[in-house]
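One structure is given here, and the rest of the page talks about it.
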């Protein structure tokens, strides 16, 4: 160690680098609200399609939820930086959403859409998106949601229509509503911990 | 005795080091976000970002989003190389202490 360089000061510099990099990465993890929003959107679509017997219930609800997500996300993104991980998340969920919408719409218009098929497709798609996101974010809880969606997709193929519908409602509750609220609480805790742990006021 | 590495004085400042570290983890960031993460004042933050810009370590882009002015900062390739070299020098100086 050189005489004019204080060892503790250098360690502080190294620690500062690690803290700031972690702080920058933490920014990407504020998406719990989207899971709750989409969980509620699924419930609205199910209720509307079942009780109202409407064929436009799903397309209208899904398009409305997409627009609402984009508006809310762009407002939140205005004060947050762009990250590679954030763009990866956007790509995964955008791809999953568009793929699911196209397939479901085509099946619906052609008259070949059954509840078993719908639950299997949506479950498999959500399983893939959750698994990919969970692996990138190293979030075990999200990967667990993927497993639940995959299981729902597979099991629904062997159930009656009513049973498949009930299974879908249960999966939405745990993988969208409960997981979304859990994510929001976890993100809030991280933000509080982050606020308490930083502050570099001089040059 | 082997020569000990020099620490880059532009990066060594605490706030400039924090800013470069933050920018290394994102693609680009707005001035207000950098201010909230560092807890710095507008004047000090602007001055330190200008030093990093003059050194070629950050690039600045000014634009309007929903009619509001936005100043975005992005780490350059030179900035990334400089930060990497700084971390290597730090580790070499600390040696077995870490």
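In table form, for the structure just shown:
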{"quantity": "Every residue from the range B:11-47 that is within 7 Å of chain A (Cβ to nearest Cβ) and within 17 Å of residue B:78 (Cα to Cα)", "calculated": "B:16, B:17, B:18, B:21, B:22, B:24, B:25, B:26, B:27, B:28"}
{"quantity": "When residues of the range B:36-69 are limited to those that are surrounded by 15 or more Cβ atoms within 10 Å (Cβ to Cβ) and outside any helix (DSSP H, G or I), the one modelled with the lowest pLDDT", "calculated": "B:40"}
{"quantity": "Enumeration of residues in the range B:1-35 that are surrounded by fewer than 20 Cβ atoms within 10 Å (Cβ to Cβ) and free of Cβ contacts under 8 Å to residues at least 12 places away in the same chain", "calculated": "B:1, B:2, B:3, B:9, B:14, B:32, B:35"}
{"quantity": "Any hit, the range A:4-19, residues being more than 14 Å from chain B (Cβ to nearest Cβ), in contact with a helix residue (DSSP H, G or I) (Cβ under 9 Å, 6 or more places away or on another chain), assigned to a helix (DSSP H, G or I) and modelled with pLDDT of 85 or more", "calculated": "no"}
{"quantity": "Residue in the range B:36-46 that is out of contact with any helix residue (DSSP H, G or I) (no Cβ under 9 Å at 6 or more places or on another chain) and touching a residue at least 24 places away in the same chain (Cβ under 8 Å) present", "calculated": "no"}
{"quantity": "Criterion (buried (at least 16 other Cβ atoms within 10 Å of the Cβ), touching a residue at least 40 places away in the same chain (Cβ under 8 Å) and in a helix (DSSP H, G or I)) met by exactly one of B:90, B:72", "calculated": "B:90"}
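The values are calculated or read from the model by the stated rules, or taken from the named source; none is laboratory data. These figures come from a predicted structure and were not determined experimentally. Cβ: placed from backbone, ideal geometry, glycine included. Neighbour counts: every protein chain shown.
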